[in-house]
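See below for the structure under consideration.
The values are calculated or read from the model by the stated rules, or taken from the named source; none is laboratory data. From a predicted model like this one, the values you see are computed outputs, not experimental measurements. Neighbour counts are summed over all protein chains in view; Cβ atoms, including those assigned to glycine, are modelled from backbone coordinates with ideal geometry.
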């Protein structure tokens, strides 16, 4: 069994949705925060950085980094067809865009909503936030341009689309994002129409 340490509407959402879509045997542990914002002590023993998501694999080893989790889960459930396997067509682009989503858009989102984490000068948080908003808009535009007229990035439903849909849900203004990039809305609507994904979105109170 997989154990996913999660927070509702956080980065664990895409991992949870992928586990559900693959038909994996898993459970979700929703973490509570202490009054100072920190997580409970037991979680630090599992992941010293106390970051969500954290995934405990069936062999009891621990994975961090959501993009790595998405790739690994796809490889463990090849029958689900949610990511090209090594050597299969589309593998390079799958890896390219999975890492792009995590390293670019996800990171910009963190700087946008948690700017204080990225500066030692409290007055600098405003500038961090402003630049993050500009950068995120550019990164969404890059992804939308590559998506083009397709509904799904690889031409079929995959883990990439689940991850991208999660990131769209974090946009400061989803309506504005979708007005600028109608293809992202098309992708998002198709992802959340998937029965397994919808169950997870509902559990996360999206």
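Tabulated data
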item	result
Any hit, the range 66-79, residues being assigned by TED's automatic domain parsing to the domain that holds residue 38 and assigned to a loop (DSSP other than H, G, I, E, B)	yes
Leading residue by the ranking (surrounded by the most Cβ atoms within 10 Å (Cβ to Cβ)) among those in the range 84-104 that are in a loop (DSSP other than H, G, I, E, B) and at negative phi	84
Spans of helices (runs of 4 or more DSSP H) in the range 105-206 with at least 2 residues surrounded by fewer than 20 Cβ atoms within 10 Å (Cβ to Cβ) and free of Cβ contacts under 8 Å to residues at least 40 places away in the same chain	107-113, 125-147, 174-180, 182-192, 195-203
Given (1) surrounded by fewer than 20 Cβ atoms within 10 Å (Cβ to Cβ); (2) farther than 21 Å from residue 206 by Cα; (3) touching a strand residue (DSSP E or B) at 6+ places or on another chain (Cβ under 7 Å), number of the condition residue 55 does not satisfy	(1)
Qualifying residue in the range 29-46 (condition: in a helix (DSSP H, G or I) and touching a residue at least 24 places away in the same chain (Cβ under 8 Å))	yes
Any chance residue 13 is surrounded by 12 or more Cβ atoms within 10 Å (Cβ to Cβ), outside any strand (DSSP E or B) and out of contact with any strand residue (DSSP E or B) (no Cβ under 9 Å at 6 or more places or on another chain)	no
Members of the range 68-93 found to be under 18 Å from residue 15 (Cβ atoms) and without any contact (Cβ under 8 Å) to a residue 24 or more places away in the chain, listed by number	68, 72, 75, 78
